[in-house]
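The values are calculated or read from the model by the stated rules, or taken from the named source; none is laboratory data. Note that this is a predicted model, so its numbers are computed, not measured. Methodologically, a virtual Cβ is constructed for each residue, glycine included, from the backbone with ideal geometry; neighbour enumeration extends over all protein chains shown. Only protein heavy atoms, including side chains, enter the accessible area calculation; ligands, DNA and RNA are left aside. Shrake-Rupley method; radii C 1.70, N 1.55, O 1.52, S 1.80 Å.
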Amino acid sequence: YTDMDVTGGTKYFYRVTAVDSDGNESSLSNEVSVTPTPKKLQVSGVEPASGVSLDWEETVTLTVTITDGQGNPVEGADLNIEDNLQSFGATRSPTDENGEITYELDAPSAVSEGEYSLSLTASKNGFEDSEPREFIANVELKDTEEGLLDAIAKIAFDQIDNIRQEYKERNIKHLAYL
């Protein structure tokens, strides 16, 4: 007999009987106890797998798969994220029946260009936490010249609008005194 419905780290007690071919049943055996070793979780998949390159304010959805030591998906696990891109730690939960969970990764404009890492770990009661899995996000400016010219043009037009508004207000005040 193999009891497959156990949780690692929990102590279980068993007593058995034997039945012969005539249907005669023995008395109960002595009690035995066992504490199964918790299965170790793994962050087994991250899509996209090879890291990402992000432009400012761009968002990428990561799909993370959490499995047990035999590669079976684990439902209800938490994904713990240490994210030096956005400078915080977060927990996303729970994984679905396929052991998957999604995480939105973005590059806020306060971040400078460069390579940033995410450390992903999984946890769930009855399982041993996974080892950290590192994921790399590269933040870069795309179309730098075009974006810079757009920003300068917007500032210039805002200044012109402010000057026009101020001029109108002064003329109205001047006409009121006449």
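Observations on the model:
- Restricting attention to the range 120-163 and to residues that are at pLDDT 80 or above and part of a helix (DSSP H, G or I), the residue that is least open to solvent (accessible area, probe 1.4 Å) turns out to be Ile160.
- Residues that are crowded, with 17+ Cβ neighbours inside 10 Å, in a loop (DSSP other than H, G, I, E, B) and modelled with pLDDT under 90 within the range 96-119 comprise Ala107, Val111, listed in sequence order.
- Qualifying residues in the range 28-50 (those that are open to solvent by 90 Å² or more (accessible area, probe 1.4 Å) and more than 30 Å from Asn80 (Cβ to Cβ)) - the one farthest from the chain's Cα centre (by Cα): Leu28
- Per the conditions (1) open to solvent by less than 90 Å² (accessible area, probe 1.4 Å); (2) modelled with pLDDT of 80 or more, the sole criterion not satisfied by Glu25 is (1).
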